[in-house]
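Shown next, in structure tokens, is the structure this report addresses.
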Amino acid sequence: MAYNNNIPKATDQPNNSQPQILTNFATIDTDFAVNHVQMNLTGEGKHKFLQMPNQGADVASAIAEMSLYTKNIGTGLSGLFLRQESNGTVIPMTPSSSFAYPGWARLPGGLLLKWGQTANLPHNTSTLTNFPAGATIPVFAAAPFAIFLTIASSTPTDTVTLDSSVAPTITGFNAIAASTTGATVAQYLAIGH
């Protein structure tokens with residue numbers, strides 16, 4: 001059935017356009033039932049679920065309105081996004097991740113986690129560790145606001161800390177190990193947006 005938006009015309013006789021009008025009502029009823037509770041049923045008009053085609057770019061939002069939409073998240077998958085009013089901040093709402101090691105995860109609300117392991121950290125030497133990077137891996141928008149380090153070695157006297165003389169960046173951080181056995185390795189978790 002196809003909806004006909006040209007009926008009734010001013011010159012139509014009601015008995016001639018009645019079949020077309022009935023077809024239009026049937027088409028509206030059928031189309032409305034897609035993703036909605038059908039008319040004349042309990043809960044009519046409510047959404048059963050949403051299906052949204054990907055947008056090519058972030059969607060505009062007006063004053064006192066927000067936009068909810070999907071677009072490609074750069075990994076061949078669709079992601080859900082919220083744009084705050086007046087073309088405000090775009091917030092990713094879909095968790096996406098690479099559970100590899102090293103790896104990353106984007107949480108609803110835009111929080112970005114990155115984790116991995118440092119290379120061997122020589123005793124008392126500041127050593128750079130880079131976060132996972134690549135075409136499909138998001139980059140921190142600013143330096144992470146928290147980086148946690150734990151010793152990966154089995155030597156209980158080893159310690160590892162962030163090098164406070166070198167500020168973390170969007171691409172990595174410097175760590176220093178104090179080891180009685182030479183170089184040590186640490187695991188990290190960085191939290192930012």
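The values are calculated or read from the model by the stated rules, or taken from the named source; none is laboratory data. What you are looking at is a predicted structure, and each value in this text was computed from that prediction instead of being measured. Reconstructed Cβ throughout: ideal geometry from the backbone, glycine too, with neighbour counts over all protein chains shown.
Things worth noting here:
- Subset of the range 29-56 (residues that are among the hydrophobic types (A, V, I, L, M, F, W, C) and touching a strand residue (DSSP E or B) at 6+ places or on another chain (Cβ under 7 Å)): MET52
- Boolean, ALA190 is in contact with a Lys or Arg (Cβ under 6 Å, 6 or more places away or on another chain) and farther than 22 Å from GLY76 by Cβ: yes
- Positions within the range 43-76 being surrounded by 12 or more Cβ atoms within 10 Å (Cβ to Cβ) and assigned to a loop (DSSP other than H, G, I, E, B), in sequence order: GLU44, ASP58, VAL59, SER61, MET66, ILE73, GLY74, THR75
- Count of the range 77-102 residues which are polar (S, T, N, Q), modelled with pLDDT of 90 or more and either crowded, with 16+ Cβ neighbours inside 10 Å or within 21 Å of GLY134 (Cα to Cα) (or both): 0
- Filtered residues of the range 40-61 (kept if among the charged types (D, E, K, R) and either closer than 15 Å to THR89 by Cβ or without any contact (Cβ under 8 Å) to a residue 12 or more places away in the chain (or both)): GLU44, LYS46, ASP58
- Residue pairs meeting the criteria (Cβ under 6 Å; at least 6 apart or on separate chains; first under 16 Å from PRO138 (Cα atoms), in the range 62-81; second modelled with pLDDT under 95 and among the aliphatic types (A, V, I, L, M)): GLY79/ILE73; LEU80/MET93; PHE81/VAL90
- Some residue of the range 69-81 being among the hydroxyl-bearing types (Ser, Thr, Tyr) and either in the same structural domain as ILE170 (by TED's automatic domain parsing) or in contact with a His (Cβ under 8 Å, 6 or more places away or on another chain) (or both): no
- When each of GLY192, GLY182 is tested for being out of contact with any His (no Cβ under 7 Å at 6 or more places or on another chain) and not hydroxyl-bearing (Ser, Thr, Tyr), the lone residue that passes is GLY192.
- Scan of the range 13-42 for residues that are assigned to a loop (DSSP other than H, G, I, E, B) and either closer than 20 Å to ALA2 by Cα or over 31 Å from the mean Cα position of the chain (by Cα) (or both), ordered by number: GLN13, ALA33, VAL34, ASN35, GLN38, MET39, ASN40, LEU41, THR42
- At least 2 residues being touching a residue at least 24 places away in the same chain (Cβ under 8 Å) is the threshold, and among the strands (runs of 3 or more DSSP E) wholly inside the range 83-193 those reaching it are 103-106, 112-117, 127-130, 146-151, 172-178, 186-192.
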